[in-house]
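Below: the structure, in structure tokens.
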Amino acid sequence: MTRPLEDRDLPRGLASPPADPVVVHFDGACEEVGGRRVAAYGYTLDGAGLRHEDYGLAVPPGHPRATNNVAEYVGAICALEWLVRRGYGGEVRLEGDSQLVVRQMTGEYQVRAEHLVPYHERLVQLARSFRAVRFNWVPRDQNRRADGLSKLGVALGASSERGRTDSDRARKARDGPDEPVGRDGP
């Protein structure tokens, strides 16, 4: 009769993370829509058995931080947050056509614009969640899918802006024009 295996008798091995890194392409776009700036991001990721893409608004339309650089940062942040939520902690290679973001993340440039500091700090914090993170600049033509996704994000924001404008027109038609506000006030 054989005795049951005990924990100390079981074979042990080392689980190693996948050798290939997850490659993230990220991008941002910002356009004027209805007199307000709409900033959006897009990203793709592929590798280590993972494949995903997403896009959305970086900040609400008309927000003072609605800039292309903020949108670029948000694209990279959202991609890393997605990986963290899935428990991935291996190697990541982020590729984007924003020289500013890539060079700030590699330490080649300082972050001088105050409004970018919290985005940079968040990206640095997220990067610590992985075994290794590398940032690489790529030409725009090698970042087409992320660029297209960021443009879809702008279109999403533009459609919400059109809805806001239409509801403003309906309100004005119903209630009459707003009182003008000049230097002498109303």
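Only the coordinates and a few stated rules stand behind these numbers; no lab work does. Keep in mind the model is a prediction, meaning the values are calculated, not measured. Note: ideal-geometry Cβ built from the backbone for every residue, glycine included; neighbour counts use all protein chains shown.
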- Query: If the viscosity is 0.890 mPa s and the temperature 25 °C, what translational diffusion coefficient in µm²/s does Stokes-Einstein give for region 22-172 when Rh comes from Kirkwood over Cα pairs?
  - Reply: 157
- Query: Taking 0.36 nm per residue of separation and subtracting the Cα-Cα distance, what length does fully extending Q99 through H63 add?
  - Reply: 10.6 nm
- By Cβ neighbour count within 10 Å, fewest first, V23, V84 rank V84, V23
- Query: For G56, which sequence-distant residues (separation of 5 or more, or a different chain) have an amide H within less than 5 Å of its own amide H, given hydrogens modelled in the peptide plane?
  - Reply: Y41, G153
- Item | Rounded to 5, the percent of DSSP beta bridges in region 22-172 classed as antiparallel | 65
- Message: What does the charge count around G42 come to, taking other residues whose C-beta lies under 12 Å from its C-beta (Lys +1, Arg +1, Asp -1, Glu -1)?
- Response: -3
- Note on the structure: Most exposed to least, judged by fewest other Cβ atoms within 10 Å, R128, R93, R86, R103 sort to R128, R86, R103, R93
- region 58-110 -> Rg/Rh from Cα coords, Kirkwood Rh, value 1.02
- Item | Amide H contacts of R93 (H built 1.01 Å from N, under 5 Å, at least 5 apart or other chain) | V22, V23, V24, R134
- Message: Can you sort F135, F26 from fewest to most other Cβ atoms within 10 Å of each residue's own Cβ?
- Response: F135, F26
- Query: Which number comes out as Rg/Rh for region 23-104 once both Rg and the Kirkwood Rh are worked out on C-alpha atoms?
  - Reply: 1.02
- Message: Can you tally the net charge around R103? Count Lys and Arg as +1, Asp and Glu as -1, for every other residue whose Cβ sits under 14 Å from the Cβ of R103.
- Response: -2
